[in-house]
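Participant: First, the structure itself, so that you have it in front of you.
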Amino acid sequence: MSTDTNQISVNAAGVEITGLRKSYGSNEVLKGIDLKVKPGEVVCLIGPSGSGKSTLLRCVNLLEQPNGGTIMVGGFDATNVDVNLDQMRQKVGMVFQQFNLFPHLTVLENCTVAPIKVLKRKKLDAQKVAHSHLERVGLGDFGGRYPDQLSGGQQQRVAIARALSMEPTLMLFDEPTSALDPETVGEVLSIMKNLAQAGMTMLVVTHEMAFAKEVADRVVFMDGGVVVEEGIASEVIGNPQQPRTQDFLRRVLDPTHVDI
Amino acid sequence: MAMTTSQRARTSKTIQIVVFVGIIIALIAIIDWDKAAYAFFSFDKLGPMFPDMILVGLKNTIFYTIIAFAFGLALGLILALLKTASFAPYRWFATAFIEFFRGIPAILVLLAFGFGLPQAFGTTWPQPVNVMFALGLVSSAYIAETLRAGLQAVPKGQTEAARSLGMPAWRAMVTIVIPQAFKIVLPPMTNEIILLTKDTSLAFILGAAMAQYEMTKFGRDGISQLDAGLTPLVVAGLFYLVITIPLSLVARKFESRAAKTKR
């Protein structure tokens, strides 16, 4: 699969999260998170399951309603009750763990339905844009297929193309490779890497430490609803300072080594 | 003497055959076949029923079914959406409506529309209109429940993906969720049409002009006007099967296709 890195120019936006809180009933899963992502920056969120990293990501485009704090996305105050959420979400692409492609639509329709219905693009224009993004993810010939005719890796690549077809300024990835067969993980990661190199602002929840180390500008380690440690990717992963980070990375990087 | 399993199975089969043949023989002996044949199979005397039975009766039965179903589907979709709404009073209203019209006999609704509406509101439209309204209303309650199940069977991730692309809630519903829900409910929905087809037979109790007769009315008139016993009803029944059996086959085809692919 050959992908031209700078095939599509990206108009990147930043994110600024301050004092973000989120509870489910009495269970507080985010306990005041501060996080700043600069335009064009790639930040990976890592941490054990239940640490709140997916919830944090889902708060950024308000799929989860925060209980406190503010989220600024590219100048939008997402937590302001008066803000037009649909307008903000047009600029924030999201890729889900379970792909969530629309099974009743073809691959091309998956990528054009929102541009046509939401951005009111002309069908032919939307198809042209969608096709260029499908080519970018190496699936230019797959426009007429249905999602259930594709492998998991191909489906996730379509999901990325679908999000890109809205021409977002920020991309959120919620464990994009966790539901994939091991041999298809690479094709998705390499597309994400290309996207990062093209200058897209990316916030990525992932367990792929090699990817985080290589692609991310910064890594944020979360545990128990707080940011425990953050910094330059190679330093957080290569030389963690906090005991909880050290413990987590030891388990992830060397699964056979367990202190019992 | 102990029997092996296969011996026992053979014995039980023999007994079943003996009982079956015995019942047939008893029926043949008891029943007066000339009378029975007159009552059920006097097809030769049905000449006057045709071609109106088909040109008027079959046509009207199908027409009433289609209009009532279209009305029931539209109302049922609204009720299903109300029932899944986040605003509680909407849900209460939908639940009350559905429980009411599912819980009372269709014939009561039909009578209320046929005789009650003209009395209460002075409506003067023809009775078949009342029939289609009443049956549509009743079927909307069943359709609503079927659709609600279908809407809820569409994974939540579908709505999330649609919303994350900037679609407003109604757009996500119309473009993403409802089309998938309809595919899920196609087989049970075909069932609803079959039930509705049969329920149009209740129309005769409201009375109507000749051009508005459906098949059961023709069958009933046939009993009193023709010297053919119950045969006109047998014929009406056969014509219902002409409509419902193909529908069943279609439903089964949908089901097997749905089993093969998730699409």
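The values are calculated or read from the model by the stated rules, or taken from the named source; none is laboratory data. Note that the structure is a prediction, hence the values are computed from the model and not measured. Backbone-built Cβ (ideal geometry, glycine too); neighbour counts: all protein chains shown.
Participant: Test of understanding: among B:SER224, B:SER256, which residue is within 30 Å of A:GLN149 (Cβ to Cβ), among the polar types (S, T, N, Q) and at pLDDT below 90?
Facilitator: On the way: B:SER224 fails: within 30 Å of A:GLN149 (Cβ to Cβ).
Matching residue, one of B:SER224, B:SER256: B:SER256.
Participant: Here's a follow-up. Quick one: count up the residues across region B:118-145 that are in contact (Cβ under 8 Å) with a residue 12 or more places away in the chain and either within 30 Å of B:PHE182 (Cα to Cα) or hydrophobic (A, V, I, L, M, F, W, C) (or both).
Facilitator: Here is the first cut: in region B:118-145, the residues in contact (Cβ under 8 Å) with a residue 12 or more places away in the chain are B:126-128, B:130-145.
With the extra rule that they be either within 30 Å of B:PHE182 (Cα to Cα) or hydrophobic (A, V, I, L, M, F, W, C) (or both), the set shrinks to B:128, B:130-145.
Total meeting the criteria: 17.
Participant: Among the residues that make up region B:242-256, is at least one of them touching a helix residue (DSSP H, G or I) at 6+ places or on another chain (Cβ under 7 Å), in contact (Cβ under 8 Å) with a residue 60 or more places away in the chain, aromatic (Phe, Trp, Tyr) and farther than 30 Å from B:ALA37 by Cβ?
Facilitator: Within region B:242-256, one or more residues are touching a helix residue (DSSP H, G or I) at 6+ places or on another chain (Cβ under 7 Å), in contact (Cβ under 8 Å) with a residue 60 or more places away in the chain, aromatic (Phe, Trp, Tyr) and farther than 30 Å from B:ALA37 by Cβ.
Participant: Can you pull out the residues in region A:24-39 that are of a type outside the set (S, T, N, Q) and not in a strand (DSSP E or B)?
Facilitator: Filtering region A:24-39 for residues of a type outside the set (S, T, N, Q) gives A:24-25, A:28-39.
Passing the criteria: A:GLY25, A:LYS38, A:PRO39.
Participant: Hey, another quick one. Within region B:150-162, can one find any residue that is surrounded by fewer than 19 Cβ atoms within 10 Å (Cβ to Cβ), outside any helix (DSSP H, G or I) and without any contact (Cβ under 8 Å) to a residue 40 or more places away in the chain?
Facilitator: yes
Participant: Name the residue that is nearest to the chain's Cα centre (by Cα), counting only residues in region B:100-115 that are free of Cβ contacts under 8 Å to residues at least 24 places away in the same chain and loosely packed, with under 14 Cβ neighbours inside 10 Å.
Facilitator: Among those that are free of Cβ contacts under 8 Å to residues at least 24 places away in the same chain and loosely packed, with under 14 Cβ neighbours inside 10 Å, it is B:PRO105.
Participant: Among the residues in region A:165-186, are any of a type in the set (Phe, Trp, Tyr) and within 14 Å of chain B (Cβ to nearest Cβ)?
Facilitator: Yes.
Participant: Only residues that are small (Gly, Ala, Ser), in a helix (DSSP H, G or I) and crowded, with 18+ Cβ neighbours inside 10 Å: list them for region A:159-199, please.
Facilitator: The initial filter retains those residues of region A:159-199 that are small (Gly, Ala, Ser), namely A:159, A:161, A:163, A:165, A:178-179, A:186, A:190, A:196, A:198-199.
Going one step further and asking which of them are in a helix (DSSP H, G or I), we end up with A:159, A:161, A:163, A:186, A:190, A:196.
Once the filter is applied, which keeps residues that are small (Gly, Ala, Ser), in a helix (DSSP H, G or I) and crowded, with 18+ Cβ neighbours inside 10 Å, region A:159-199 yields A:ALA159, A:ALA161, A:ALA163, A:ALA196.
Participant: Give the residue that is nearest to A:SER178 (Cα to Cα), with candidates limited to residues of region A:200-246 that are assigned to a loop (DSSP other than H, G, I, E, B) and touching a Phe, Trp or Tyr at 6+ places or on another chain (Cβ under 9 Å). Full working, then the answer.
Facilitator: The first filter runs over region A:200-246 and keeps only residues assigned to a loop (DSSP other than H, G, I, E, B), leaving A:200, A:206-208, A:216-217, A:224-225, A:239-242.
Filter once more, so that each one left must be touching a Phe, Trp or Tyr at 6+ places or on another chain (Cβ under 9 Å): A:206, A:240, A:242.
Values: A:THR206: 8, A:PRO240: 24, A:GLN242: 26 Å.
Restricting to residues being assigned to a loop (DSSP other than H, G, I, E, B) and touching a Phe, Trp or Tyr at 6+ places or on another chain (Cβ under 9 Å), the top hit is A:THR206.
Participant: Which residues, taken from region A:86-130, are surrounded by fewer than 19 Cβ atoms within 10 Å (Cβ to Cβ), in a helix (DSSP H, G or I) and at the interface with another protein chain (Cβ under 9 Å from one of its Cβ atoms)?
Facilitator: A:ASP86, A:GLN87
Participant: Which helices (runs of 4 or more DSSP H) does region B:1-97 wholly contain that include 3 or more residues that are within 30 Å of B:LEU110 (Cα to Cα) and among the polar types (S, T, N, Q)?
Facilitator: Numbers: elements: B:5-30, B:33-41, B:59-83.
Those helices (runs of 4 or more DSSP H) span B:59-83.
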